[in-house]
């Protein structure tokens, strides 16, 4: 027996009968005549070669074994069609179909998570790709066309191909484990140069050769802020860290905020960045505002 392909309208009629529990309820819900619903279901049954509902002896149609078996697939097809139409309507309205976002590793993870959680609710049809980078690598993603929007730090603001908008800041503080020589009181000027400093390094060429709050000639350079954090906790060197990332360590005593005469801590500005030759769509503009609002609410 050669099977036919039911139409999307027939699939919707089938689902409406299931959801409303009757042909009459489906007809009212879809604004159709009962006869039209019944005819559409009969056509679908003929095409598939199965009975979808057992109608005899009951006022309410009951799904047959075949109807029950096809229900999940019918919903999946109808849902996919709804998603396609929603995306098409969004494109006509100017909404981005997809968006690539690169976020500086210094941005509080909680802020990023909350913004992206709300983004999914606000823009369910916009596919989002997230990348986390450090220092100049954030801007490099924009310049290479790998990202549409960046939330990055101060090292990229000189680039003429990018527009920027300051949306917040993160406080960096020098820390070390409690037993570190710099963790004691009254550290003398120049003492920090005698000890290993852990430094976050850049995986791009944009800020290659530039130093940021580096005091010691003895350095270990790491591209992973999480690895730097763990090495500091283990007493291997000292270094600057975002205050929000070491908040619990400072409270528990696992790390100590260093009072160094050179005051190597800093305020790390955060900027929304995008290419000058691009046009900001509604989802991209919303992300900029949402990150600004969320960063303003951060304790630090």
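The values are calculated or read from the model by the stated rules, or taken from the named source; none is laboratory data. Given the structure is predicted, the values throughout are model-derived calculations rather than measurements. Glycine also receives a Cβ, built like all others from the backbone with ideal geometry; neighbour counts cover every protein chain displayed.
In table form, for the structure just shown:
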{"item": "Which numbered condition residue 249 misses (of (1) touching a strand residue (DSSP E or B) at 6+ places or on another chain (Cβ under 7 Å); (2) more than 16 Å from residue 181 (Cα to Cα); (3) in contact (Cβ under 8 Å) with a residue 24 or more places away in the chain; (4) surrounded by 15 or more Cβ atoms within 10 Å (Cβ to Cβ))", "result": "(1)"}
{"item": "Residue match in region 255-268 (condition: out of contact with any helix residue (DSSP H, G or I) (no Cβ under 7 Å at 6 or more places or on another chain) and in a strand (DSSP E or B))", "result": "yes"}
{"item": "Output for region 215-229, where each listed residue is touching a strand residue (DSSP E or B) at 6+ places or on another chain (Cβ under 7 Å), part of a loop (DSSP other than H, G, I, E, B) and either surrounded by 15 or more Cβ atoms within 10 Å (Cβ to Cβ) or at pLDDT 90 or above (or both)", "result": "215, 216"}
{"item": "Filter result for residue 91 (farther than 25 Å from residue 268 by Cα, at pLDDT below 90 and outside any loop (DSSP other than H, G, I, E, B))", "result": "yes"}
{"item": "Residues that are modelled with pLDDT of 90 or more and surrounded by 15 or more Cβ atoms within 10 Å (Cβ to Cβ), drawn from region 52-66", "result": "52, 53, 63, 64, 66"}
{"item": "Conditions (1) assigned to a loop (DSSP other than H, G, I, E, B); (2) surrounded by fewer than 15 Cβ atoms within 10 Å (Cβ to Cβ); number of the one not met by residue 289", "result": "(1)"}
{"item": "Residue 82 being modelled with pLDDT under 90, touching a helix residue (DSSP H, G or I) at 6+ places or on another chain (Cβ under 9 Å) and assigned to a helix (DSSP H, G or I)", "result": "no"}
